[in-house]
Each structure stands twice: as C-alpha cells, then as structure tokens.
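What follows is one structure encoded as structure tokens, with my remarks underneath.
The values are calculated or read from the model by the stated rules, or taken from the named source; none is laboratory data. This structure is a prediction, so every number in the text was calculated from the model and none was measured. Cβ placement follows ideal geometry from the backbone for every residue including glycine, while neighbour counts extend to all protein chains displayed.
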Amino acid sequence: MQLFNLALGLLLLMTLGGGIWRALRGPSAADRMLSVQVFGTAAVAVLLLLAQAFGQAALRDVALAFALLAAVTAVAFVRRAWAEEVDCDPE
Amino acid sequence: MILSDYVAAVLLLVGVFFFLAGTVGLVRFPDVYTRLHALTKSDNVGLGFVVMGLAVEAESWFVVGKLLLIWMLVLLAGASVAHLIARGATQRGVRMWTD
Amino acid sequence: MDRLTLVLWIFDSVTGLGLLLLAGWALASPQLFRGIILFVAFSLMMSIAWVRIDAPDVALAEIAIGAGLTGALLLAALSRLGDSEPTQESMNRPIERSYRARTFRSLTASLLAAVAVALVFLILALPGDSEGLGAEVAASLDASGVSSPVTAVLLNFRGYDTLLELLVLLLALLGVWSLGGLPAQPVSPAVLVLDTLARILIPVLLLSSAYLLWAGTHAPGGAFQAGAVLGAAGVLLSLAGWQVRQRYTGVTLRLLLIAGPSLFLAFALYTIVAGQSLLEYPPQRAGVMIVLLEVAATLSIGTTLAALFVAEGPRNKEGQ
Amino acid sequence: MSSVPLFALVGAGLFCIGLYALIVYAHLLRKILAINVMGSGVFLVLATLADRTVNAAPDPVPHAMIITGIVVAVATTAFALVLMLKVAEKTGRAELPDERTG
C-alpha cells in the first residue's frame with residue numbers, strides 16, 4: 001500500500017507540470033493564475049498521500065496550511081495582479 | 001491485502017484519474033473559461049476521491065474529520081477563486097472561444 | 001523495498017529538477033507577472049522538497065511565509081509599480097545585445113558554473129554521516145518545557161536567535177514606516193463572492209493559527225507558522241477591501257507589534273537578574289514561560305507581517 | 001529516508017542561478033526574486049546537512065535556523081520592495097542607475 005500511495009503521489013506530481021506549462025504558456029493572466037489552482041488541489045493530494053505512506057500525521061497539517069494559503073495567494077493574484085498584465089497578448 | 005485496502009485503492013485510482021483528466025483539459029482546451037471549468041471541477045472531485053480513499057484507511061475519526069475539513073476548504077476556495085478568475089477575465093475582455 | 005527506493009528516487013529527482021527549472025524560468029521570464037507566478041510555484045514546490053528532507057516544520061513555514069506572504073507582497077509591489085512606471089517597455093526592456101554586454105554575461109555565467117562545480121565537490125566531499133546536535137537536544141528536551149525538538153531549539157536553547165529575529169521583523173516595519181510608507185491602494189469594488197470567502201476563511205485561518213500554536217509544543221508548528229497564518233488572515237482582510245478602524249491603528253496596533261519582543265526582553269532581564277545566563281529558564285517554569293512567549297510572539301509576528309503587507313505609514317491621532 | 005545529496009546539489013544549483021540573475025538583470029524586482037532563490041538554495045543545503053545523522057531523527061538545530069532564516073527573508077523582502085517602489089517613484093524606473101550612462 002505504501003508503494004501504491006507513493007506511485008500515485010508521483011503521478012500527481014507530474015500533473016503539477018501541466019499547471020506549470022500553463023503558467024509559462026499563458027496567453028492571458030487568467031491562464032497563468034490557473035497554475036496556482038492546480039497547486040492548491042494536486043499538491044494537497046500529494047501531501048495527504050505522503051502523510052499516509054509514511055505515517056506522518058504532521059503532513060496533514062502541512063496540507064491544511066497549503067490549502068488555506070493557496071487560497072489567499074490566489075485571491076492576491078486576482079485582486080492585485082489585474083492592473084498589470086496586458087491580456088490577450090498574441091501568442 | 002484486505003477488503004478495505006481494495007476499496008481504498010479503487011477510490012485513490014479514480015481520484016488520480018480525475019486529476020489527470022483535469023490536467024489534460026488544462027493543457028488542451030482552447031480558452032481560459034473551458035480550462036477553468038475542466039480544471040476546477042475535476043480536480044476538486046479528484047481530491048474528494050483521494051480523501052475518501054485515505055479516509056477508508058485512516059487510523060481514527062479525528063483524521064477522517066481533518067481530511068474532510070481540508071477537502072471542504074479546497075472546495076470552497078477553488079469554487080470562489082474560479083469564479084473570481086472567470087469574472088476578472090470577462091471584465092478584462094478575454095474573449096470566449098467560438099468555433 | 002527496492003522498488004520503493006526507486007519510486008522515492010524518481011519523486012525526489014522530479015522535485016529537484018522542477019525546482020531548478022522553475023527558478024530559472026521565474027528569473028528569466030520576460031514579463032514580471034509571469035516571473036512572480038513561477039516564483040510562487042517555486043516556493044510551493046520547495047515545501048514539497050522540505051517534506052521529503054524530513055523537515056515538516058520548515059515546510060509549514062515555507063508555505064505560510066515563503067509562498068503565501070512573499071507572493072502577496074511581490075504582487076502588491078508589482079501592482080503599485082504599474083502606476084509609476086511610464087511604459088511597459090522599460091520594465092520588459094530586452095536584454096542588451098551589445099558585444100560588451102554579451103561578454104559580461106558569458107563571463108559571469110562561466111564563473112558561476114565554476115562556483116557551482118566547486119560547491120558540488122564540497123558537498124560530495126562532506127562525510128556522509130555526522131553526529132549533529134540532535135542527541136544533545138534530545139538529552140535536554142525534558143528540561144526545555146516542550147516536547148517538540150524544533151520548538152525547544154527556537155524558544156529555549158537558542159532563544160536569543162528568536163529574540164533578534166523578532167527585532168529584525170520590527171525593524172523592517174519601522175524601516176518601511178520611516179520611508180513614509182506607501183500610498184493606500186485604490187479600494188477595488190467589493191465582490192460578494194470574495195466577501196463571503198473572506199468571512200468563512202478568516203475564522204478558519206484564526207482557528208488554524210491557534211491550532212498550529214498549540215501543536216508547536218509537541219509536533220511541527222509553533223509561533224512562526226501560527227504568526228504567518230495570522231498575518232495571512234490580515235492580508236486576506238486587506239485584499240477583500242476591509243479596513244481597520246482608526247482607533248485600533250494607534251496605541252493598540254503598537255502594543256500588538258511590541259508584545260512579543262518586549263515579553264522576550266523582560267524574560268531575558270529576569271533570567272539575568274535571577275542569576276542565570278541569558279534566557280536560561282528555570283526548568284520547572286520553562287513550559288509556562290515558553291507558552292506565554294509563543295502567544296505574544298504569534299500576535300506580534302502576525303500583526304507585523306500584515307502591517308508590512310499594507311505598508312501604509314502609521315496613522316496618528318490627527319488621522320494623518 | 002530521502003536522497004540527501006540530491007537536494008544539496010539542487011541547493012547549490014539554485015544558489016548559482018540566483019546569483020547569476022542578481023548580477024545580470026537590471027530590474028530591481030528581479031534582483032529581489034534572485035536573492036530569495038539564493039536563500040532557498042542555502043536553506044536546502046543546510047537542511048540536507050541536518051539529515052546526515054547516524055540515528056534516524058534529523059538534527060533540529062539547522063531546521064530551527066532555517067525557520068528563522070525564512071522569517072528574516074520575508075522581512076527583508078518586504079523592506080526591499082518598499083525601497084524599490086521609492087526608487088521607482090523618484091527616478092521613474094525600478095532600476096539602479098547604469099554606471100556607464102549615469
């Protein structure tokens with residue numbers, strides 16, 4: 001079960017790559033913000049799987065903090081970033 | 001392996017499948033609104049299945065409660081932020097994909 | 001077991017490679033906004049790395065401070081920069097292509113590559129195992145008043161580090177204030193969804209802060225993580241467009257800011273007067289003293305971080 | 001339990017990437033990001049050194065020092081950002097003056 005959980009965690013780590021690709025590619029600011037959304041869910045799942053695999057209860061607290069702070073960061077992006085970026089820049 | 005192990009394994013696999021589907025949508029879909037839709041919904045469902053899979057094997061009710069709390073928070077934040085991003089994109093004139 | 005090692009090795013390699021790539025992309029990004037997004041992703045990835053290096057305490061601090069607060073600070077600065085910057089052009093000025101500039105860059109790059117190689121050799125030359133101070137910390141853990149080794153080091157064995165750190169935070173805020181602070185950001189119109197989100201998330205953030213503070217005595221957590229989560233609650237309030245009433249930004253604010261450092265200084269004086277060395281608590285009272293210190297430090301850290309985010313100068317009675 | 005030298009090497013790499021960006025790029029916000037990346041590299045090396053212990057538990061002292069370091073880093077970042085905004089306000093550009101032209 002430990003190996004299974006870790007393998008799934010590795011798969012989810014790869015899905016973070018999709019989010020990073022979107023952050024690099026854009027094209028609009030909104031697209032780039034999606035990467036924070038990906039981290040807010042997939043990385044939480046990775047941490048929960050690691051917590052189970054190693055029997056470290058503390059990692060669940062880390063996942064909780066992750067969920068909360070990812071939300072605050074995402075709000076910061078929406079509220080503070082939008083004055084800056086030119087949307088729809090051609091690819 | 002006992003029965004609960006199989007149940008947990010199936011739930012976790014379903015969860016990871018939803019995550020992968022969401023990522024495919026994020027990478028392949030044509031505009032920000034469709035990407036947002038694919039990503040937010042399937043990732044939150046995916047996390048829900050992962051949480052359920054882990055809850056089956058959790059050592060105590062306290063852990064189950066904490067897992068559910070984390071999922072609720074992610075649901076709440078994910079839905080609200082998705083709304084805010086879509087709203088901001090509309091106001092900034094990001095056009096929807098039509099074809 | 002063998003397959004387990006392999007999966008873990010792949011996991012770590014992916015994380016490590018991801019960190020290097022994200023750092024490179026974040027710094028080389030032509031647009032600053034994209035750079036900041038990638039930097040936040042880098043910090044979030046760092047916290048996964050901390051988990052893998054057996055440092056859940058650091059992972060918590062990295063998430064709350066490194067990713068959450070630093071990201072918010074960078075974005076707020078970028079949006080303020082937008083007003084004073086005349087054109088996009090000067091911000092995204094293309095890298096100079098002149099012969100001289102190119103030579104300078106390649107020289108720097110090769111020099112730093114040499115530094116990197118030297119560092120790699122140094123790291124590989126280190127002995128694979130070391131005693132460390134873990135055993136000594138474990139031996140005196142009983143006398144420290146808490147059962148979490150990291151908290152014991154932070155608040156008891158190396159308490160002076162933490163005292164100075166609180167002073168650094170306070171000094172940073174005083175520095176910002178003595179530069180006159182920054183003009184208030186225009187309040188964006190309230191959004192119902194954001195308002196509701198804040199109304200739900202802020203109690204949860206406060207509760208989590210208290211939980212992390214309590215957990216810090218026996219598990220990963222403690223004053224810094226709790227303070228950072230408290231600060232994040234303040235940041236969220238400010239982002240949602242809420243304002244603190246004028247009458248709380250005077251004496252009340254200042255008392256909160258100095259609560260942690262002054263209690264620390266008081267304890268330091270007490271231990272010296274009582275004939276012990278600096279911040280050497282009597283073992284039977286150490287637990288109570290550490291909890292008091294942590295509560296005060298959490299309040300001060302949270303308030304200072306939130307004030308650093310708002311970054312407006314202090315308001316006097318006259319409302320200036 | 002982890003690939004200890006791997007993360008130390010990543011830390012060394014991060015330090016050098018950050019230092020390169022600090023030297024080469026003119027924009028102050030980029031320099032602030034670069035210093036943060038360098039700091040993360042140093043912390044990684046320090047933390048992996050803490051994990052070399054013979055017995056299972058890692059050494060808590062470097063971990064405590066890293067937490068202190070992270071808090072100091074955010075304080076200096078906040079101060080540096082305000083300084084950058086003041087420079088931008090005075091000169092119209094968030095860059096240090098070029099020594100050849102200025």
Original post:
So B:ALA9 fits all but one of (1) within 7 Å of another protein chain (Cβ to nearest Cβ); (2) of a type in the set (Gly, Ala, Ser); (3) in contact with a Ser or Thr (Cβ under 8 Å, 6 or more places away or on another chain); what number is the exception?
Top reply: (3)
Original post:
Out of all the residues in the stretch A:14-33, which are of a type outside the set (D, E, K, R), in a helix (DSSP H, G or I) and surrounded by fewer than 24 Cβ atoms within 10 Å (Cβ to Cβ)?
Top reply: A:MET14, A:GLY17, A:GLY18, A:ILE20, A:TRP21, A:LEU24
Subject >> Residues of the stretch B:1-56 satisfying the condition of being aromatic (Phe, Trp, Tyr) and crowded, with 18+ Cβ neighbours inside 10 Å >> reply: B:PHE18, B:PHE19, B:TYR33, B:PHE49
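Matching residues to (1) in contact (Cβ under 8 Å) with a residue 60 or more places away in the chain; (2) farther than 24 Å from C:GLU312 by Cα; (3) within 24 Å of the chain's Cα centre (by Cα):
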residue: C:ASP195; (1), (2), (3): no, no, no
residue: C:ALA233; (1), (2), (3): yes, no, yes
residue: C:LEU239; (1), (2), (3): yes, no, yes
residue: C:LEU263; (1), (2), (3): no, yes, yes
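Would you check which residues across the stretch A:28-48 are free of Cβ contacts under 8 Å to residues at least 60 places away in the same chain, facing chain B (nearest Cβ under 7 Å) and not acidic (Asp, Glu) and list them? Steps first, answer last, please.
Of the stretch A:28-48, the ones free of Cβ contacts under 8 Å to residues at least 60 places away in the same chain are A:29-48.
The next check asks that each one be facing chain B (nearest Cβ under 7 Å); those that pass are A:30-31, A:33-34, A:37-38, A:40-42, A:44-45, A:48.
Selection gives A:ALA30, A:MET33, A:LEU34, A:GLN37, A:VAL38, A:GLY40, A:THR41, A:ALA42, A:VAL44, A:ALA45, A:LEU48.
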**OP:** Search the stretch C:213-225 for residues being under 15 Å from the mean Cα position of the chain (by Cα) and within 10 Å of chain A (Cβ to nearest Cβ), and hand back the single one that is surrounded by the fewest Cβ atoms within 10 Å (Cβ to Cβ).
**Re:** C:GLY221
Original post:
From the residues in the stretch B:54-80 that are at the interface with chain A (Cβ under 9 Å from one of its Cβ atoms) and in contact (Cβ under 8 Å) with a residue 12 or more places away in the chain, which one is farthest from the chain's Cα centre (by Cα)?
Top reply: B:GLU57
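Results for (1) modelled with pLDDT under 85; (2) more than 30 Å from C:ARG247 (Cβ to Cβ); (3) of a type in the set (D, E, K, R), shown as yes or no for each residue.
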| residue | (1), (2), (3) |
| --- | --- |
| C:ALA266 | no, no, no |
| C:SER277 | yes, yes, no |
| C:GLU280 | yes, yes, yes |
| C:PRO283 | yes, yes, no |
| C:LEU293 | no, no, no |
| C:LEU299 | no, no, no |
| C:ALA306 | no, no, no |
| C:GLY319 | yes, no, no |
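Among the residues of the stretch C:238-255 satisfying the criterion of being within 14 Å of chain A (Cβ to nearest Cβ) and not in a helix (DSSP H, G or I), which is surrounded by the most Cβ atoms within 10 Å (Cβ to Cβ)?
Our first condition is that a residue be within 14 Å of chain A (Cβ to nearest Cβ); within the stretch C:238-255, this holds for C:238-242.
Adding the requirement that they be not in a helix (DSSP H, G or I) leaves C:240-242.
Working: C:ALA240: 20, C:GLY241: 16, C:TRP242: 14.
Among those that are within 14 Å of chain A (Cβ to nearest Cβ) and not in a helix (DSSP H, G or I), it is C:ALA240.
Condition check ((1) at the interface with another protein chain (Cβ under 7 Å from one of its Cβ atoms); (2) under 17 Å from C:ILE48 (Cβ atoms); (3) of a type in the set (Ser, Thr, Tyr)) across all residues:
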{"site": "D:ALA12", "(1), (2), (3)": "yes, no, no"}
{"site": "D:CYS16", "(1), (2), (3)": "yes, no, no"}
{"site": "D:TYR20", "(1), (2), (3)": "yes, no, yes"}
{"site": "D:GLY39", "(1), (2), (3)": "no, no, no"}
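Condition test on C:ALA268, is it touching a residue at least 24 places away in the same chain (Cβ under 8 Å) and surrounded by 18 or more Cβ atoms within 10 Å (Cβ to Cβ)? Let's see the steps before the verdict.
Values: touching a residue at least 24 places away in the same chain (Cβ under 8 Å): yes; surrounded by 18 or more Cβ atoms within 10 Å (Cβ to Cβ): no.
Considered against the rule, which asks whether it is touching a residue at least 24 places away in the same chain (Cβ under 8 Å) and surrounded by 18 or more Cβ atoms within 10 Å (Cβ to Cβ), C:ALA268 comes out as no.
Of the residues in the stretch C:171-184, how many are on the phi < 0 side of the Ramachandran plot and surrounded by fewer than 19 Cβ atoms within 10 Å (Cβ to Cβ)? Before you say what the answer is, go through the steps one by one.
First, the residues of the stretch C:171-184 that are on the phi < 0 side of the Ramachandran plot: C:171-179, C:182-184.
Checking the rest, the ones that are also surrounded by fewer than 19 Cβ atoms within 10 Å (Cβ to Cβ) come to C:171, C:174-175, C:177-179, C:183-184.
Count: 8.
Quick one: in the stretch C:59-76, which of the residues that are within 10 Å of the chain's Cα centre (by Cα) and more than 7 Å from chain A (Cβ to nearest Cβ) is surrounded by the most Cβ atoms within 10 Å (Cβ to Cβ)? Outline the logic, then answer.
To start, the set of residues in the stretch C:59-76 that are within 10 Å of the chain's Cα centre (by Cα) comprises C:60-70.
From what is left, the residues that are more than 7 Å from chain A (Cβ to nearest Cβ) are C:61-62, C:65-66, C:69-70.
Details: C:ALA61: 30, C:GLU62: 32, C:ILE65: 28, C:GLY66: 30, C:LEU69: 29, C:THR70: 25.
By that ranking, first place goes to C:GLU62.
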**OP:** Under 6 Å between Cβ atoms, at least 6 apart or on separate chains: pull out the pairs that start in the stretch C:126-153 with a residue that is facing chain D (nearest Cβ under 7 Å) and end on any residue that is among the acidic types (Asp, Glu) and not in a helix (DSSP H, G or I).
**Re:** C:GLY132/D:ASP59; C:LEU133/D:ASP59; C:GLY134/D:ASP59
**OP:** Would you be able to say whether some residue in the stretch D:28-47 is at pLDDT below 85 and in a helix (DSSP H, G or I)?
**Re:** no
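Do we have B:VAL32 as within 10 Å of chain A (Cβ to nearest Cβ), among the hydrophobic types (A, V, I, L, M, F, W, C) and touching a residue at least 60 places away in the same chain (Cβ under 8 Å) here? Show your work before the answer.
On the way: within 10 Å of chain A (Cβ to nearest Cβ): yes; among the hydrophobic types (A, V, I, L, M, F, W, C): yes; touching a residue at least 60 places away in the same chain (Cβ under 8 Å): yes.
Criteria met by B:VAL32.
Tell me which residues, restricted to the stretch A:49-74, are β-branched (Val, Ile, Thr) and touching a residue at least 24 places away in the same chain (Cβ under 8 Å).
Start the filter on the stretch A:49-74 by keeping residues that are β-branched (Val, Ile, Thr), which leaves A:62, A:72-73.
Scanning the stretch A:49-74 gives a single hit, A:THR73.
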Subject >> Top-ranked residue of the stretch C:29-41 - restricted to ones that are within 7 Å of another protein chain (Cβ to nearest Cβ) and of a type in the set (A, V, I, L, M, F, W, C), ranked as farthest from A:ASP61 (Cα to Cα) >> reply: C:LEU32
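Conditions (1) within 14 Å of chain B (Cβ to nearest Cβ); (2) part of a helix (DSSP H, G or I), marked per residue:
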{"site": "C:TYR211", "(1), (2)": "yes, yes"}
{"site": "C:LEU257", "(1), (2)": "no, yes"}
{"site": "C:LEU279", "(1), (2)": "no, no"}
{"site": "C:VAL288", "(1), (2)": "no, yes"}
{"site": "C:LEU292", "(1), (2)": "no, yes"}
{"site": "C:VAL295", "(1), (2)": "no, yes"}
{"site": "C:THR303", "(1), (2)": "no, yes"}
